[in-house]
1. Show that you can apply the helix-only estimate: for the chain, add -39,500 (n - 2.57) for every DSSP H stretch of four or more residues, divide by all residues, and state [θ] at 222 nm to the nearest 500.
2. Would you list 92, 111 from the most to the least accessible area, probe 1.4 Å?
3. What share of the DSSP beta bridges in the chain is antiparallel, in percent to the nearest 5?
4. From the Cα gyration tensor of the chain, with a ≥ b ≥ c the square roots of its eigenvalues, which class applies: rounded if a/c is under 1.5, or else prolate if a/b is larger than b/c, or else oblate?
5. Could you pull out every one of the lysines with an alpha carbon less than 27 Å from that of residue 166, ignoring same-chain neighbours closer than 8 positions?
6. Run the numbers on segment 4-85 and let me know its relative contact order in percent, using alpha-carbon pairs under 8 Å that are six or more apart.
7. Stretched out fully, how many nm does the piece from residue 32 to residue 67 gain, at 0.36 nm a residue minus the Cα gap?
8. Working with all protein chains in place, sort 39, 44 by solvent-accessible area computed with a 1.4 Å probe, largest first.
Amino acid sequence: MSSPLVLDSAAQDLLFREARTANAFTDEPVSDETVQAVYDLVKYAPTAFNLQSLRVVLVRSDEARERLVSNMAPPNQEKTRTAPLVAILAADLDFHQELPRLFPFVPELKDTVFSDDEIRERAAKSNATLQLGYFIMGLRAAGLAAGPMVGFDGEAIDKEFFGDGKHNVIAVVNIGKPGENAWFQRLPRLDYEEVFTTV
């Protein structure tokens with residue numbers, strides 16, 4: 001019986017079955033061209049109202065790296081210090097300013113629905129988190145491993161790397177080729193029957 005999936009088995013393994021969160025990397029660099037190619041692929045993935053709230057800071061300099069490391073939880077510090085590339089992914093709380101261009105069918109959304117601070121913040125974070133997932137899949141598609149982390153002082157990182165009060169960090173992601181002993185043991189997942197119901 002043929003698989004209902006269109007992706008071939010090798011692509012399924014690359015993106016899902018064999019892909020893991022990496023905790024150690026080789027020292028092979030990750031170029032800006034590679035990161036741009038990843039973004040140029042994943043930017044087409046869906047969000048609500050074509051909302052593009054994700055903002056990314058690539059941490060390349062030693063000075064910026066140490067500022068970031070000092071705000072990471074202790075278990076995340078050394079791997080953040082030594083990864084070839086680290087990205088800070090944040091939600092732009094002023095994403096709605098771009099909506100007339102990105103969702104021209106209803107340009108007034110900027111000044112109606114998303115003029116409400118609470119609604120706008122919730123939408124910014126949920127859609128940036130969705131985009132974070134796409135970004136990780138794009139890194140895998142480029143043959144890279146990702147080590148996403150949420151163990152950090154978010155308020156301090158917001159201030160240190162954005163400083164405008166209009167961005168909230170949602171994750172810090174270490175990026176590179178997986179190194180020796182990069183993986184923890186694969187953890188279990190819920191089965192289909194535990195997740196899905198039909199009504």
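1. -10500 deg cm²/dmol, from helical runs alone.
2. 111, 92
3. Taking every DSSP beta bridge with both residues in the chain, the antiparallel ones total about 95 percent.
4. Taking the square roots of the gyration eigenvalues as a ≥ b ≥ c, the chain is oblate.
5. Qualifying lysines at Cα under 27 Å: 43, 110, 125.
6. Worked out over segment 4-85, it gives 45 percent.
7. 10.5 nm
8. 44, 39
The values are calculated or read from the model by the stated rules, or taken from the named source; none is laboratory data. These figures come from a predicted structure and were not determined experimentally. Positions of Cβ are backbone-derived with ideal geometry, glycine not excepted, and every protein chain shown enters the neighbour counts. The area values use the complete protein model at the heavy-atom level, side chains included, leaving out ligands, DNA and RNA. Shrake-Rupley method; radii C 1.70, N 1.55, O 1.52, S 1.80 Å.
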